[in-house]
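Trainee: Quick one: structure below, then a few questions.
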Amino acid sequence: MRGPCETDCVERPLSRALRGLGGLVGAHPWPFLLVPMALSAALGSGFHLLPSRKSNDIEAQFTPRGGQAKIERSMVRERFSTRDAERFSAQRQTTEGTFASFVAVAAEPSHTLLTRAAFAELLALDAAVRGLSGGGRAYTEVCARRNGSCSSPNPLLSAVGGDPARIEALLPGLTFPLWQGRVILGFYLGGVSVGPGAADDRSRPVRAAKALHLFYHLQEGDPAQREASVRWLEAFLKRIRDVLGKLKLASVRVAYFSSISRQEELEKNAELVVPLFIITYFLTISFSILSCSRLDCVRTKVWVAAFGVLSSGLSVISSFGLLLFCGVPFVITAASGPFLTLGVGVDDMFIMVSCWQQTKVKHRVEDRMANTYAEAAVSITITTLTDVLAFYIGIATSFPSIQSFCIYTGTSFVFCYIYNLTFFGAVLALNGRREESNRHWLTFMKVTDETQHSFVYNVCCVGGLYDKATGTEHEHPMSGFFKNHFGPFLMHNWTKVAVVLLYLTYFCSSIYGCTLIKEGIDLRNLVDDHSYVVQYYDFEEQYFKEYGPRVMVIVTKSISYWDSSMRADLEHCMKVLENSTYVDKKLSESWLRMYEVAARRMSLNIDDQSSFIGHLSILFRENPQSRWDVNFTNLEISASRFFIQTVNVTTSVDERILLNELRAHASYCDLPLIVYHPAFIFYDHLIVIAQNTIQNILIATGAMLFISLLLIPNPLCSLWVTFAIGSVIIGVTGFMAYWDVNLDSISMINLIMCIGFSVDCSAHISYAFVSSKKPSLNDKAVDALHRLGYPIVQGAVSTIVGVLVLSSTDTYIFRAFFKIIFLVISFGACHGLFFIPVFLTFFGFLGRLSTAQNKIDCKFDENSASIEDNVMQLPIINT
């Protein structure tokens, strides 16, 4: 039934227009069949551009565009140059760098690596790596240099000087975390056991260590250098397994990694999409055929189901091809779009098939198609608008990976809608002509409609039967189940109590889960579970998590360093930063402190500008690296930097708190300070992910309500739309925590989808309830379930089948997508089948309002009949 005549100003003309389109498709199906196929073939040629459109740069795609750390990085680059071919310093890098790395762990957990045997194997590994070449360049040609030679991969390896026996001589003087007063061993030694005595006020003697880090940094000073370094890394990754196999390491276990590893492993995941989609395609076809099959060899919809799935496939080809032609970047997250499009497209097919089955079988195909479109196409339009709008609103996010997914999937939904009204509609019309002439679905030969005694004969050779009382096809047994069994059972008082208790349990569990949700993307989740990268990350987390980023503290403008009060202010700012629970103040590095100590020791006056600037050469002679932290411009210090050492930054929560805390301290300082580390580029998304998610959800929810009011104009529907959106989002977010899914740029995509899908179910089930002619509230609920119960199940199962194959992959991105879609569809279906029907019966005014609405004298157009003759069946929900 249409809404009250004073509020159906959009729905009625839309239904009239779609009725005309349905009649046109029914009368002339072939153009509507062939044109989409030709268009898909033309647009599909855009896939040859896919390799050039791939944009899987992890920093660019999975961190917020315009993030504060990216701005700070630009500021640091402007003020401090890096020449890694001459004066490399790991702590002074403004990027993650270009490098190969190993974590070596003692073969036996109870053993230490600080032995002659272990270091003999480590030295052999070091020699093997240095002997590798790639892209025609030897390691010595691409390595980052310092003091004329390649930077050391580990200070202990340099200290033994090629003689593994020397580690035993070094051990008595080895202290942790600071060695020789300047080397922070926390980055290089892991699983360290220290002795009881203190070597000084900052370090303790080392007794044993279970892990050791090796870093082979390469040059990236200019594009040519970086390209040569990347070529060497590619050769390194191809050959390192063979190298390790030949070394036959016995005392150590080794995990390896490089700066390009995550990128390469992420791109490998994209190669899984095609085989996964093929499997999904055949699963969906099988389910659709099974769902639409009948024992009647004429009325069965085998071909309709198969071509309905093909329609979704064509929409993916057309939309992706078009966007690739338009130059839209393709990110790995967009690879999940085809699976969702396939599931949703099949849902729309069920809508049209259900409405077709409710038309009079003896009417002309054109008339049946017109009636089908008038009923089904409005429902499809509503759900498509809400879903597409949800995705296109997601484009406004600051995460490029989310933008790519939203634009590719949203555009796929648009093509899916168009092709369902044209291509699939033409298939339905041609199938209707076959049914009209009573032809077999497989042989296309005419069959009799008179049943015989043999069941096998009736199934194979008898068809075209229909309900003589209604003039429509026989009702599906599942619809009868919801009418005669499920609906009455749900309306029992004790069942309602159970449903209410079930909902309260669901809601409370969801709220509690929301308090447990973790924010932030774990970079290991971007690669395959069995990738070599995972082992490296596991070793790092186990042995090297204590010492976090070594953060730069940059004075960005020129200040009067020679003014003692200014130095006191700067010292105060440093101490505030060092007092953070995440900072070890004993490991800070300040050129200014060293300069003041040297000045006091040498009785130098540094309290005026000329003296301060003139005596700096003394500091640079004692500590040459300090020269790299002072930027001179026109004989004044235009910028300088210091270093603080973070510790115990072990979780994403710690990372977010650390970043917020350090930035807050820097902003409160009266001096122009910023804090920076390359890792902050990724920490930034922890700050904005929750804000972006909430913002997009609120905007999308408002847009969904507007669309619902416009096309299903009933205030009561709006009430339940709001309820369902909030309830499903809370449920999905809460259960994400129980299912080990973080709130990150990947799951944020799916939370946006929750809005579009939850609107579908709530709007239609509540509207079916208030528009029902049944006298009692319980009867109205049963009537709504009779009309919508089976289509809800069909839509839910088809969508889950569409993404089911993703659950078996070894990639977190795809598994997380499946988990959230499963939660969205499951909770949406539960709301439609259990919660909303029961809750609606608790509000008696709904019945009175529905009665009042039914008494309104509406004015229909000349092609419409009375309200009683045109009850809208609202056949299905697009879950």
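Trainee: Taking the stated definitions as given, is Glu234 surrounded by 21 or more Cβ atoms within 10 Å (Cβ to Cβ) and of a type in the set (Asp, Glu)? First the steps, then the outcome.
Mentor: Numbers: surrounded by 21 or more Cβ atoms within 10 Å (Cβ to Cβ): no; of a type in the set (Asp, Glu): yes.
No; evaluated as a whole, the condition is false for this residue.
Trainee: If Val721 satisfies all but one of (1) surrounded by 20 or more Cβ atoms within 10 Å (Cβ to Cβ); (2) hydrophobic (A, V, I, L, M, F, W, C); (3) not assigned by TED's automatic domain parsing to the domain that holds Ile511, what's the number of the condition it fails?
Mentor: Failed condition: (3).
Trainee: Another one. Which of (1) exposed (fewer than 15 other Cβ atoms within 10 Å of the Cβ); (2) of a type in the set (Lys, Arg); (3) modelled with pLDDT of 90 or more is the odd one out, the single condition Arg621 does not satisfy?
Mentor: Condition (3) is where Arg621 drops out.
Trainee: Would you pick out the residues in region 596-618 that are crowded, with 16+ Cβ neighbours inside 10 Å and in a loop (DSSP other than H, G, I, E, B)?
Mentor: Leu604, Ile606, His615
Trainee: Read through the list (1) touching an Asp or Glu at 6+ places or on another chain (Cβ under 7 Å); (2) over 30 Å from Asn692 (Cβ atoms), then give the number of the only condition that Pro64 fails.
Mentor: For Pro64, the failing item is (2).
Residues checked against (1) without any contact (Cβ under 8 Å) to a residue 24 or more places away in the chain; (2) farther than 16 Å from Val361 by Cα:
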position: Ile407; (1), (2): no, yes
position: Gly410; (1), (2): yes, yes
position: Glu435; (1), (2): no, no
position: Ser454; (1), (2): yes, yes
position: Met478; (1), (2): no, yes
position: Gly487; (1), (2): no, yes
position: His492; (1), (2): yes, yes
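Trainee: When only residues in region 605-627 that are touching a residue at least 24 places away in the same chain (Cβ under 8 Å) and among the small types (Gly, Ala, Ser) count, which is nearest to Arg87 (Cα to Cα)?
Mentor: Of everything passing the filter in region 605-627, Ser626 is nearest to Arg87 (Cα to Cα).
Trainee: Being aliphatic (A, V, I, L, M) and either in a helix (DSSP H, G or I) or surrounded by 13 or more Cβ atoms within 10 Å (Cβ to Cβ) (or both) is the filter here, so list the residues in region 152-171 that pass it.
Mentor: Hits for region 152-171 are Leu156, Leu157, Ala159, Val160, Ile167, Ala169, Leu170, Leu171.
Trainee: Moving on. In region 289-302, which residues are closer than 19 Å to Thr341 by Cα and either at pLDDT 85 or above or charged (D, E, K, R) (or both)?
Mentor: Answer for region 289-302, where residues must be closer than 19 Å to Thr341 by Cα and either at pLDDT 85 or above or charged (D, E, K, R) (or both): just Ile289.
Trainee: What's the number of the only condition in (1) in contact (Cβ under 8 Å) with a residue 24 or more places away in the chain; (2) part of a helix (DSSP H, G or I) that Ser52 fails to meet?
Mentor: (1)
Trainee: Determine if region 474-487 includes at least one residue that is within 19 Å of Phe842 (Cα to Cα) and either acidic (Asp, Glu) or out of contact with any strand residue (DSSP E or B) (no Cβ under 8 Å at 6 or more places or on another chain) (or both).
Mentor: Initially, region 474-487 is screened for residues within 19 Å of Phe842 (Cα to Cα), giving 486-487.
So of that shortlist, the ones also either acidic (Asp, Glu) or out of contact with any strand residue (DSSP E or B) (no Cβ under 8 Å at 6 or more places or on another chain) (or both) come out as 486-487.
The answer is yes; a qualifying residue exists.
Trainee: For a quick check of your reading of the model, give me the residue pairs whose first member lies in region 90-115 and is closer than 21 Å to Phe642 by Cβ, whose second is acidic (Asp, Glu) and not in a loop (DSSP other than H, G, I, E, B), with beta-carbon atoms closer than 8 Å and at least 6 apart or on different chains.
Mentor: Arg92/Asp629
Trainee: Helices (runs of 4 or more DSSP H) wholly in region 472-561 with at least 2 residues that are of a type outside the set (D, E, K, R), more than 30 Å from Arg299 (Cα to Cα) and within 37 Å of the chain's Cα centre (by Cα) - which ones?
Mentor: 493-516, 532-543
Trainee: Please return the ranges of helices (runs of 4 or more DSSP H) entirely within region 371-439 where 3 or more residues are assigned by TED's automatic domain parsing to the domain that holds Leu342 and of a type in the set (D, E, K, R). Working first, answer last.
Mentor: On the way: elements: 378-394, 400-419, 425-436.
Because the criterion is at least 3 residues that are assigned by TED's automatic domain parsing to the domain that holds Leu342 and of a type in the set (D, E, K, R), the helices (runs of 4 or more DSSP H) in region 371-439 that meet it are 425-436.
Trainee: Which numbered condition trips up Ala224, out of (1) part of a helix (DSSP H, G or I); (2) surrounded by 20 or more Cβ atoms within 10 Å (Cβ to Cβ)?
Mentor: Of everything listed in (1) part of a helix (DSSP H, G or I); (2) surrounded by 20 or more Cβ atoms within 10 Å (Cβ to Cβ), Ala224 misses just condition (2).
The values are calculated or read from the model by the stated rules, or taken from the named source; none is laboratory data. For clarity, every value in this text was computed on a predicted model and none was experimentally measured. Please note: Cβ atoms are built from the backbone with ideal geometry, for glycine as well, and neighbour counts cover all protein chains shown.
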